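What follows is calculated from the coordinates using simple rules that are stated; it is not laboratory data. For clarity, every value in this text was computed on a predicted model and none was experimentally measured. Don't worry about glycine lacking a Cβ; one is built from the backbone with ideal geometry, like all the others, and counts go over all protein chains shown.
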Amino acid sequence: MDLSKVVAIVTGGASGLGEATVRTIVERGGRAAILDRPQSNGEALAKELGDQAIFTPADVTDEAAVGAAVDKTVERFGALHVCVNCAGVGSAFKTVSKMGAFPLDAFRMTIEINLIGTFNVLRLAAAQMAKQEPDAGGERGVIVNTASIAAYEGQMGQAAYAASKGGIVGMTL
């Protein structure tokens, strides 16, 4: 895939798979917006990568912050062609253990960040892409959602994580 003219927004872009994605896009001549939490390494990474990258601090569950990140990306780079959703967390609790029942707040947090956060970003990115003129192939943009084998085969202590990744698979074509 030719990434030289691509403008991408990458959630979880300051570390792990997201950071590797950002680096690959920039190394191949594309431009990337690093969407990650304000306290992440996003600012330092953007500075390291130079003019081809910007840091757009946002919590993926915050509609206004994600909308502002999409707007900042388009203002800086002129369009949005690719959205890669890598942001996510895990909470390792057995449904019931010697300590008691799985804390519902921990389950909710994992679903909120992994599933609802992914949906929040993809819907706002898709809305921006829909405004753009199609390219020569008739495409307006591409969205990549990352899930996990846990979506299909959860493991002990991974109920929230597996459920969130199963939801991502379910809403992805």
Checklist entry - By how many nm would the segment from A127 to M156 lengthen if fully extended, with 0.36 nm per residue of separation less the alpha-carbon distance? => result 6.7 nm
Next on the checklist: Cross-link candidates for K165: which lysines have Cα within less than 23 Å, leaving aside residues fewer than 8 places away along the same chain?
Outcome noted: K94
Item to check | Distance between modelled label sites at E27 and A44, nm, 7 Å Cα→Cβ extension | outcome: 2.0
Checklist outcome for this item: For T56, T118, ascending order of other Cβ atoms within 10 Å (fewest first) is T56, T118
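How high is the relative contact order of the chain, given as a whole-number percent (alpha carbon pairs under 8 Å, six or more residues apart)? Let's see the in-between values first.
Details: 324 pairs, mean separation 35.0, N = 173.
Reported relative contact order: 20 percent.
Would you calculate, for the chain, the mean residue ellipticity at 222 nm contributed by helices, counting each DSSP H stretch of 4 or more residues as -39,500 (n - 2.57) and dividing by all residues, to the nearest 500?
Working: 6 runs with 69 residues, N = 173.
The per-residue figure over the chain is -12000 deg cm²/dmol.
Could you check what % of the DSSP bridge pairs in segment 7-170 are antiparallel, to the nearest 5?
Beta bridges within segment 7-170, antiparallel portion: roughly 10 percent.
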Item to check | Stretch in the chain that is longest and holds no GluC sites (Glu not before Pro) that DSSP places in a loop and that have at most 12 other beta carbons within 10 Å | outcome: 1-138
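Calculate, in nm to one decimal, what A92 and D71 gain on full extension: separation in residues at 0.36 nm each, minus their alpha carbon distance.
So the extension gain works out to 4.1 nm.
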Next on the checklist: I want to verify a result. In a Gaussian network model of the chain, Cα cutoff 10 Å, which of these has the top mean-square fluctuation: V96, V74, V142?
Outcome noted: V96
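Which three numbers, in whole Å and largest first, are the semi-axes of the equivalent ellipsoid of the chain derived from its Cα gyration tensor as √(5λ)?
Details: eigenvalues 184, 57, 39 Å².
Gyration-tensor ellipsoid for the chain: 30, 17, 14 Å.
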Item to check | GNM top mover of A32, A79, A150 - the chain, alpha-carbon springs below 10 Å | outcome: A150
Next on the checklist: Testing the spin-label approximation: label points 7 Å from Cα along Cα→Cβ at D135 and A106. State their distance in nm.
Outcome noted: 4.3
Item to check | Cα long-axis angle, helix 117-131 against the chain (0 to 90 degrees, to the nearest 10) | outcome: 20
Checklist entry - Gaussian network model of the chain, Cα springs within a sub-10 Å range: biggest mean-square fluctuation belongs to which of A65, A160, A101? => result A101
Checklist entry - Can you list the residues, at least 5 places off or on another chain, whose amide H is less than 5 Å from the amide H of I143, using H built in the peptide plane? => result C83
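Hey, fewest Cβ within 10 Å first, where do D62, D51 land in order? Walk me through the numbers before you get to the answer.
Values: D62 13, D51 9.
With the sparsest Cβ surroundings first, the list reads D51, D62.
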